[in-house]
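The values are calculated or read from the model by the stated rules, or taken from the named source; none is laboratory data. Small disclaimer: the values here were computed from a predicted structure and weren't measured. Glycine gets a Cβ as well: all are built from the backbone with ideal geometry, and neighbour counts include every protein chain shown.
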Amino acid sequence: MTKYYLKFDTMKHIMQTPVNCSLEDALHVICRSEEIAWIQLRRNEKKLLNDINADKDGQLRFHILDDKGKRKKRIQTREEKIFVLANDCLTGDPSVHDLSLTQDMNSICSNGCRIARCMKEFFIYQKNYKGALNSMLLAKSLYQKLWDDSPYLLKQLPGIGMVTAKALHSMGVKSFGTLAEADPRRIEIVTGRKYPFGNHLKDSLHLLPPKVEMKVEDTECQRQGKLKLVVTLTRLSQTFQPTKRHYADMIVGSEEDNLILFHEKIR
């Protein structure tokens, strides 16, 4: 709590999360947090928020539901507003363009990322596999303002906004892998940018963490159904020197028992 400068009531919400904490549960914890309690639901925002939650285009991952499990037609509380804004932002192509709501959205993501990182450490301490995994995913998503399966993942690269991301999406470039294989001149034609934008864009892939190959082998089979496994991580060769240091959390757990068996931070 102290490490991430969280308020006491926020930490209580984290500790009260269900054992099988889902991604949606973790997001609800952030929506109830004291760090963003200053965000208020204004009367003139309700229509837009209602339309976003109706989600006619099917963009949102989660929705505000009523007692019958159907999408709620009216947003009525501050927590519901925060939940809708967070979901809208994480699509990668938010419907909100109002300055006030955009500021609220930015605050939700910045504070939410900090809270989710604290949740991750709490669940790792509790050896809660599902909670730790979902908290890590949520923290990364809020930091980048994108879900992990968003069609606009390339917005993470410098120089790519919504217009460029949509143009790349239209030519089938939806991931870092397809971008690495794309023709720089074709990129410039589709995006309407001048040479050498395509080359610079492909060079920006060097900012990403290196690819890692994982190999799992069983070395010893003991009685009572216990196995001893060796996990080998191999960083694939790089022809360039990365400009930024990256780290990763390696978590080995049992999904059935919801138990973390091994955790290590890899740098």
Legend entry - Selected residue (only one of Glu217, Glu213, Glu181 is exposed (fewer than 15 other Cβ atoms within 10 Å of the Cβ), of a type in the set (Asp, Glu) and out of contact with any strand residue (DSSP E or B) (no Cβ under 7 Å at 6 or more places or on another chain)): Glu181
Legend entry - Hits in the stretch 61-108 (condition: of a type outside the set (Asp, Glu), under 20 Å from Val163 (Cα atoms) and assigned to a loop (DSSP other than H, G, I, E, B)): Thr91, Gly92, Pro94, Ser95, Val96, His97
Inset, instruction - Return the pairs, sorted by first residue and then second, in which the second residue is of a type in the set (Asp, Glu) and surrounded by 11 or more Cβ atoms within 10 Å (Cβ to Cβ), the first residue lies in the stretch 40-51 and is in the same structural domain as Cys89 (by TED's automatic domain parsing), the beta carbons are less than 8 Å apart, and the residues are 6+ apart or on different chains. - result: Leu41/Glu80; Glu45/Asp98; Leu48/Asp98; Leu49/Glu80
Legend entry - Yes/no for Gly225 being at pLDDT below 85, farther than 24 Å from Leu137 by Cα and out of contact with any Ser or Thr (no Cβ under 6 Å at 6 or more places or on another chain): yes
Inset, instruction - Hey, can you tell me all the residues within the stretch 158-174 that are surrounded by 13 or more Cβ atoms within 10 Å (Cβ to Cβ) and either touching a His at 6+ places or on another chain (Cβ under 8 Å) or among the hydroxyl-bearing types (Ser, Thr, Tyr) (or both)? - result: Thr164
Inset, instruction - Would you please name the residue that is nearest to the chain's Cα centre (by Cα), looking only at residues in the stretch 1-22 that are crowded, with 17+ Cβ neighbours inside 10 Å and not in a loop (DSSP other than H, G, I, E, B)? - result: Ile14
Inset, instruction - Could you grab the pairs with beta carbons closer than 7 Å, sequence gap of 6+ or different chains, first residue in the stretch 213-233 and closer than 17 Å to Leu261 by Cα and hydrophobic (A, V, I, L, M, F, W, C), second one at pLDDT below 75 and loosely packed, with under 10 Cβ neighbours inside 10 Å? - result: Leu227/Cys221
Legend entry - Matching entry among Asp66, Asp98, Asp93, Asp57 (being surrounded by fewer than 14 Cβ atoms within 10 Å (Cβ to Cβ), touching a residue at least 40 places away in the same chain (Cβ under 8 Å) and in the same structural domain as Leu137 (by TED's automatic domain parsing)): Asp98
